[in-house]
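The block underneath contains the structure these notes are about, expressed in structure tokens.
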Amino acid sequence: MGCAQPEPVQVVVETPSAVPQTLAPTSTPAATATAVATLGSPSTPTPLPTSTVSNSESAIDNGQLTIEPPTPTVTQPATAMPDPNYSIQIAAVGDIMLDRRLGARIADGDVGYPFELMRPWLEPADITVGNFESALGDRPDVYTAAEGKSYPFLSPPEAARALAASGFDVVSLANNHALDYGIEAVRDGVRLLEAQGITTVGVGENANEARAPQIVEIDGVKLAFLAYIDVLSEDQGYDMTAWEATDARPGVAWGRPEIVTADVQAILPDVDHVIVLLHFGIEYLRPITPEQQTLARAAVDAGADLVIGHHAHVLQKVEEYNGGLIAYGLGNFAFDIDGDPSTMVLQAWLTKDGVERFELIPAVIEPGGRPRPATAEESREILGQIGR
């Protein structure tokens with residue numbers, strides 16, 4: 001089956017010459033344990049950002065997905081030749097929801113509050129990435145909550161500044177809360193996030209745009225980010241597939257093995273690394289499902305170096321597979337919700353050979369939704385949950 005390939009979008013990020021010492025500790029605080037591993041080498045609403053490819057469309061007809069061949073795309077050359085000995089640090093977290101009590105603190109002017117205790121592990125990384133699990137907008141009078149859907153979230157517009165102030169560079173919007181308040185809120189959210197220099201991925205005005213890779217370049221090293229959702233309908237019967245972007249409908253990129261494989265393979269020749277963000281699994285179920293394993297491994301088999309998962313609200317295992325690294329579920333990170341407070345930051349270092357090593361930084365979500373570093377005892381318990 002041929003697969004339409006989305007047009008990549010390129011973002012150039014300048015590496016700071018220095019990091020303030022107060023934000024970049026030279027070692028992990030004594031109270032926090034880490035798991036370390038090394039892998040071997042082997043206003044007026046505007047439309048979502050558009051792609052120049054307009055005839056590579058996917059459509060759903062009578063329940064069948066058809067994917068047409070793409071128009072070839074050309075990625076702009078790197079602005080600098082990468083150092084062959086480069087090492088790019090990625091910091092990744094799971095679900096971020098800045099409504100409820102966290103949203104109230106932000107709206108009251110305390111923009112730094114949600115992430116301030118974990119900022120030393122977020123801000124210094126070359127790229128910090130998370131899943132933004134909420135609508136985001138500043139025109140609530142024009143938004144409409146998804147009818148029949150439980151727990152719609154709408155974060156205040158200042159949430160975009162809260163993310164940027166703590167170093168977030170890329171956020172996935174391919175999740176089951178992105179359209180809680182409709183497509184106008186999505187458009188406004190993208191506008192607000194991009195105004196703060198945060199790249200969004202996983203949504204679009206059609207399937208082609210939702211699947212489009214976002215390319216971030218650091219000192220000549222090009223990283224492509226792709227994001228997808230693959231979740232069940234809600235217990236109350238809300239059909240999440242209604243949010244899937246099609247030729248004629250805006251929405252989120254839906255993750256199917258053949259689509260993820262095609263998208264990774266299409267962009268791989270033009271970049272140094274591909275990172276895939278997957279919103280998948282079953283809520284509150286720690287063991288991964290066969291569907292999760294199939295989808296995540298398909299991304300690695302296609303050439304992705306790193307797969308970052310979320311959605312289950314609990315931590316899931318981290319797997320070294322076929323030269324790549326899969327974090328199936330990083331749990332909640334900043335999220336005002338009852339449930340398991342265990343969370344972590346995944347730090348991974350990418351070299352020309354892929355993921356050279358990674359670290360897991362355990363953390364605990366305080367009542368109200370703010371994460372803090374775990375103590376040594378808490379860290380051992382948290383790492384034990386995923387067999388580390």
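In this entry, Leu102 is excluded by the filter for residues that are assigned to a loop (DSSP other than H, G, I, E, B), closer than 18 Å to Thr343 by Cβ and of a type in the set (A, V, I, L, M, F, W, C). For segment 326-349, the set of residues classified as surrounded by fewer than 24 Cβ atoms within 10 Å (Cβ to Cβ), assigned to a strand (DSSP E or B), out of contact with any Asp or Glu (no Cβ under 6 Å at 6 or more places or on another chain) and hydrophobic (A, V, I, L, M, F, W, C) consists of Leu346 only. From the list Asp270, Asp263, the lone residue that is of a type outside the set (S, T, N, Q) and surrounded by fewer than 24 Cβ atoms within 10 Å (Cβ to Cβ) is Asp270.
Residues of segment 258-300 that are more than 22 Å from Leu223 (Cβ to Cβ), out of contact with any Pro (no Cβ under 7 Å at 6 or more places or on another chain) and not in a loop (DSSP other than H, G, I, E, B): Glu258, Pro290, Glu291, Gln292, Gln293.
In the condition set (1) surrounded by fewer than 21 Cβ atoms within 10 Å (Cβ to Cβ); (2) under 26 Å from Asn175 (Cα atoms); (3) not β-branched (Val, Ile, Thr), Glu356 is compliant with all but (2). When we screen Gly189, Gly204 for residues that are more than 17 Å from Met97 (Cβ to Cβ), at pLDDT 95 or above and out of contact with any Cys (no Cβ under 6 Å at 6 or more places or on another chain), the only hit is Gly204. Within segment 175-196, the set of residues being assigned to a loop (DSSP other than H, G, I, E, B) and closer than 16 Å to Ala146 by Cβ comprises Asn175, Asn176, His177, Ala178, Leu179, Asp180, Tyr181.
The values are calculated or read from the model by the stated rules, or taken from the named source; none is laboratory data. Since the structure is predicted, the reported quantities are computational estimates derived from the model, not experimental observations. A quick note on method: Cβ atoms are made from the backbone with ideal geometry, for glycine too, and the neighbour counts reach across all protein chains shown.
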